[in-house]
1. Scan the range 274-285 and tell me whether some residue there is at pLDDT 95 or above and either under 29 Å from Leu411 (Cβ atoms) or not assigned by TED's automatic domain parsing to the domain that holds Tyr216 (or both).
2. Kindly indicate whether any position in the range 441-459 is modelled with pLDDT under 95 and surrounded by 16 or more Cβ atoms within 10 Å (Cβ to Cβ).
3. Tell me, please, whether a residue that is under 21 Å from the mean Cα position of the chain (by Cα) and over 23 Å from Lys299 (Cβ atoms) can be found in the range 172-189.
4. Filter the range 261-300 for residues that are farther than 21 Å from Asn425 by Cα and either of a type in the set (A, V, I, L, M) or within 13 Å of the chain's Cα centre (by Cα) (or both) and give the result.
5. I want to confirm something. Restricting to the range 82-131 and keeping residues that are within 29 Å of Leu163 (Cβ to Cβ) and among the polar types (S, T, N, Q), which single residue is surrounded by the most Cβ atoms within 10 Å (Cβ to Cβ)?
6. Does Val315 meet the test of being among the β-branched types (Val, Ile, Thr), touching a residue at least 40 places away in the same chain (Cβ under 8 Å) and either on the phi > 0 side of the Ramachandran plot or out of contact with any helix residue (DSSP H, G or I) (no Cβ under 7 Å at 6 or more places or on another chain) (or both)?
7. Whether any residue in the range 30-52 is among the polar types (S, T, N, Q) and either within 18 Å of Phe138 (Cβ to Cβ) or more than 26 Å from the chain's Cα centre (by Cα) (or both) is what I want to check.
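The values are calculated or read from the model by the stated rules, or taken from the named source; none is laboratory data. All values derive from a computational prediction rather than experimental measurement. Counting neighbours? That spans all protein chains shown, and the Cβs are built from the backbone with ideal geometry, glycine included.
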Amino acid sequence: MDDNPRIEGKDPRAIRADYYMEDYDKSERVARFLEAFAAILKHSNYGYYIEHASRLASKCGRCTSQCPVYQVTGDPRDVPCERSNLLLNVYRRHFTLGGQLRARVLGEPPLTDADIDRMAEAFYRCTACRRCNLDCPFGLDHGLITHLGRWVLSEIGIVPKALKVAVREQLEGKSGNTSGIPSAAMQDTLEFLEEDLEDLRGIKIPFPVDVEGAEYIFFPAVSDFLLEPDTLMGQACVFHATGDSWTTGTGYFDGINYGLFYNDDLLERSIRKEIEEVVRRKAKKILIGECGHASRTAKAFAEIFAEKDERVPVVSILEYTHQAIKDGKVKLDPDVITERVTYHDPCNMARSGWIIDQPREILRSFCKDFVEMTPRGAENYCCGGGGGTVSIDEMKEFRMEVGGKAKADQLRATGADIVVAPCANCKKQLSEIIEHHELDMELKGLHDLILRAIILPGAIKPGEVPKGEEEE
C-alpha cells in the first residue's frame, strides 16, 4: 500500500478541477482551446511576451524557493516554471514553425484533453502572488502566464463557478456589483453608518452620495458595505478631518474586479463601469478603498481602458491617508492602541513595490507596539487566498493547509494581538486562517484602528459618553 500523501486522491489538501469547474460542453474542446489561444494571441499583446518566454523558459526550479504552495506540498504541479511550461509547450508545439516541423519529423504529440485537465488543475492551485518572480534568473513572470492560461480556459467554459457567478452579477445582474447589493441598500447602509458615527464620536460625519464634481469618487470593495463598517467609518473620519470633497456614486460603487483573476475582457468591462461613473459624476480622481486587487486593477488599467478625455488619476485610500497625516490634516492619539499590531502586505499592492512603507508609517505614528513579519514588503507571503481562490469554497481546506500555511506561521511568530490587512480578499482569508489555526489575534482593517484613534475637533473619544448624557 502506497502511503505517499501527495498521490492524487489521497491528499485531503488536494484540489480537483471537477470539484469546482462549471459544467461545459467537452466536445472538441482541444480545437476550441487552440482557437481561443490563437484569438487571444492575435488580438492582444500577450503574443510578444509568450514568444519571448517560450525562448527563455527553463526548468531550473529556483522559483520553488519563493513559492509558498510548493514549500508545503513539494508537488511538481506546484513548481512555477513547470506550471508555466504547460502553456508554453502548447504555444511551442502549435504556434511556432519550429514546433510544427518537429511534430512532423519526430512525431511529437499534439494538445490532448488530459493536458487541458492538467492546466485547469495547476493554474488554480496557484495564488497568483507572483513571489516566484523574485528569484527567476530570466525574470519570467509566471503569474502573468498563469493568468493567460486561465483566460484561455475561461473562453472554453472552464472557470471556477464562484468567480463566474460574481462577475456575471457585476456585469449583467440587477445590482451591478459582485455582492449583489442594490443601490438603495447601499444608501441605507451609509445612513446607518452616519448614525453609528454620531453615536460613537458625538458629531455628524457624512457619507456623501452622488455629489457632482467631487475631488474623489470612492470605490471600496463592495463587500465593505456588508462586512466592514469600521473600515468605512474610519475612512469617513479621515475625509471629515481633511475637508476634501468626496462621494460615492449610486450608479456604480464596486471596486472589486474579478476579471483580474481569469479573463481580461471581463476585467476591461468592469473597469469601464468605474470610468463611466467617474464621467457621470464629473469626479476629478478615482479613490480605491482597502482592497488589493481593486487598487491594482484601477491603478494599472483605468488609464488604459479610458478614452483620452476620460482619464483621471487613481489614488489608494492608503496613499491618501498617509499624505493627510504627513500634511498634519489628520492627527491620531498615540495612547489609544495599546495592543501589539502587525501588518500584512496584500500582494497586489506590495509585490510591485507600490504600497509598502505608507501603511507602516501610518501605524507606527500611533501604535506603540508595532512588529513586522518576516519576510515583509515586496517579499511578504500571500495570505493564501490570492488570485481569486479565496472565493472558491471548495478550495478552503487547500487554502488553510497549503496556500495559507506560510502566512499562518508568519502570524504566529509575531505574537501580535491584531493583524492589519487592508484588502477585502485578504481579510476573508486571514480571518479563516486565524480561526483554522487557532491563532490568538484579531483581524482589522487599517482604518478600523484609525477610527479608534483619530482626533476630531468637537468629537468625543470612542467609548466616551457625550456631554449631557452622563449618568447622574
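1. Checked the range 274-285: no residue is at pLDDT 95 or above and either under 29 Å from Leu411 (Cβ atoms) or not assigned by TED's automatic domain parsing to the domain that holds Tyr216 (or both).
2. Yes, that holds for at least one residue.
3. The answer is yes, given that some residue of the range 172-189 is under 21 Å from the mean Cα position of the chain (by Cα) and over 23 Å from Lys299 (Cβ atoms).
4. If the condition is that a residue be farther than 21 Å from Asn425 by Cα and either of a type in the set (A, V, I, L, M) or within 13 Å of the chain's Cα centre (by Cα) (or both), then Ile275, Val278, Val279, Ala283 are the ones that fit.
5. If we take residues in the range 82-131 being within 29 Å of Leu163 (Cβ to Cβ) and among the polar types (S, T, N, Q), then Ser84 is surrounded by the most Cβ atoms within 10 Å (Cβ to Cβ).
6. yes
7. no
For (1) farther than 19 Å from Tyr381 by Cβ; (2) without any contact (Cβ under 8 Å) to a residue 40 or more places away in the chain, each residue gets a yes or a no:
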position: Lys427; (1), (2): no, no
position: Ile434; (1), (2): no, yes
position: Met441; (1), (2): no, yes
position: Leu449; (1), (2): yes, no
position: Gly458; (1), (2): yes, no
